[in-house]
1. Could you tell me how many of the residues in the range 56-93 are within 27 Å of GLY153 (Cβ to Cβ), part of a loop (DSSP other than H, G, I, E, B) and open to solvent by less than 40 Å² (accessible area, probe 1.4 Å)?
2. Which residues, counting only those in the range 94-124, are of a type outside the set (D, E, K, R), out of contact with any strand residue (DSSP E or B) (no Cβ under 9 Å at 6 or more places or on another chain) and open to solvent by less than 60 Å² (accessible area, probe 1.4 Å)?
3. Quick check: is even one residue across the range 203-218 closer than 26 Å to GLN78 by Cβ and open to solvent by 60 Å² or more (accessible area, probe 1.4 Å)?
4. Hey, can you tell me all the residues within the range 156-181 that are open to solvent by 40 Å² or more (accessible area, probe 1.4 Å), part of a helix (DSSP H, G or I) and without any contact (Cβ under 8 Å) to a residue 40 or more places away in the chain?
5. Which residue pairs have Cβ atoms under 9 Å apart, sit 6 or more places apart or on different chains, and have a first residue in the range 94-117 that is under 17 Å from ASP68 (Cα atoms) and part of a loop (DSSP other than H, G, I, E, B) and a second that is modelled with pLDDT of 95 or more and among the charged types (D, E, K, R)?
Amino acid sequence: MYKTALALACLLSLSACAKTASTDGQANAAADQPAAAVPPTTAGQLAGGELDRVLAGKWRSPENSARDVYRHPRETLQFFGLRPDMTVIEIAPGGGWYSEVLAPFLKENGRYIAAVQASSKVETSLKAKFDGDPAEYSKAEIIAFDPKSPTFGPAGSADMVLTFRNVHNWVEADTASVMFKGFFAALKPGGVLGVVDHRSAADATLASVKESGYLPMDYVIGLATDAGFKFDDKSEINANPKDTKDYPKGVWTLPPTYQLGDQDKAKYREIGESDRMTLRFVKPATTP
């Protein structure tokens, strides 16, 4: 019986050693591999519990948390396929609404990079936000880019690029095309681009809505596919059928901006935040 137990122990030891060697080999090769092809639905299920913890975090400002009902961060990030081991670049994070979610979510096993326009006030305010809470943001990174010739780090270095309610600004500034090309360059083959923005009426032309903050969904899809992306899927997570899209101050008439001040504020509060498209694109594993 002793000999049998000893033999079994040896076998288990050999198995463990083989497994360790295999794991080490995989780890050494991982840096050269394309983005892992995990189905977004599966990735979302894996990330759901950790996202719930982060969304309940005390570091989030009450004002930001109150907007979850409009921005649906859990469902949106699950749709994009976010995982805690990813390198994620968020483009133009503004005041850091999504930074409060993404940076803590990625701090242990992933990497969060906030890409901000060079020499902007956002760079200063975001740095102050990160410095003010090192427990959550000490690993968060900030890089600056030139919107006319944007680079978002080494080519093929990111698993995911995300941007929320920014495309309309680049369209108005005529920099949207080069921005999408920059996203494409930054992503690994198989990497994901996630886009959320204000959606115009289906029959609206770009010229008629360009200064309203709204954009035709087909136009945004075209910007991405022209840059080399494959359109993967869309979601109605951030849709708002109450949004009539015909306001005096465009999308900024609605909350949270209320650009008309108190004029008809109750009416616009009832409508809520804008109707938004939520689009997922993939960088092909092989390029022509």
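1. Qualifying residue count for the region: 8.
2. Residues of the range 94-124 that are of a type outside the set (D, E, K, R), as a first pass: 94-99, 101-106, 109-110, 112-120, 122, 124.
Filter once more, keeping what is out of contact with any strand residue (DSSP E or B) (no Cβ under 9 Å at 6 or more places or on another chain): 95, 101, 109, 124.
If the condition is that a residue be of a type outside the set (D, E, K, R), out of contact with any strand residue (DSSP E or B) (no Cβ under 9 Å at 6 or more places or on another chain) and open to solvent by less than 60 Å² (accessible area, probe 1.4 Å), then VAL101 is the only one that fits.
3. Looking for residues that are closer than 26 Å to GLN78 by Cβ and open to solvent by 60 Å² or more (accessible area, probe 1.4 Å), one finds at least one in the range 203-218, hence yes.
4. Quick first cut of the range 156-181, residues open to solvent by 40 Å² or more (accessible area, probe 1.4 Å) only: 165, 169, 172-174, 177-178, 181.
Filter again for part of a helix (DSSP H, G or I), leaving 169, 172, 177-178, 181.
Correct list: GLU172, VAL178.
5. GLY94/ARG165; GLY95/LYS129; GLY96/LYS129; TRP97/ARG67; TRP97/ARG71; TYR98/ARG71; TYR98/GLU90
For (1) under 19 Å from the mean Cα position of the chain (by Cα); (2) outside any loop (DSSP other than H, G, I, E, B); (3) not charged (D, E, K, R), each residue gets a yes or a no:
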position: PHE183; (1), (2), (3): yes, yes, yes
position: PRO189; (1), (2), (3): yes, yes, yes
position: VAL192; (1), (2), (3): yes, yes, yes
position: GLY213; (1), (2), (3): no, no, yes
position: GLN259; (1), (2), (3): no, no, yes
position: SER274; (1), (2), (3): yes, no, yes
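The values are calculated or read from the model by the stated rules, or taken from the named source; none is laboratory data. If you're wondering where the values come from, they're calculated on a predicted model, not measured in any experiment. When we count neighbours, we look across all protein chains shown, and the Cβ atoms used for this are built from the backbone with ideal geometry, even at glycine. Keep in mind that these areas ignore ligands, DNA and RNA; they rest on the heavy atoms of the full protein, side chains included. Shrake-Rupley method; radii C 1.70, N 1.55, O 1.52, S 1.80 Å.
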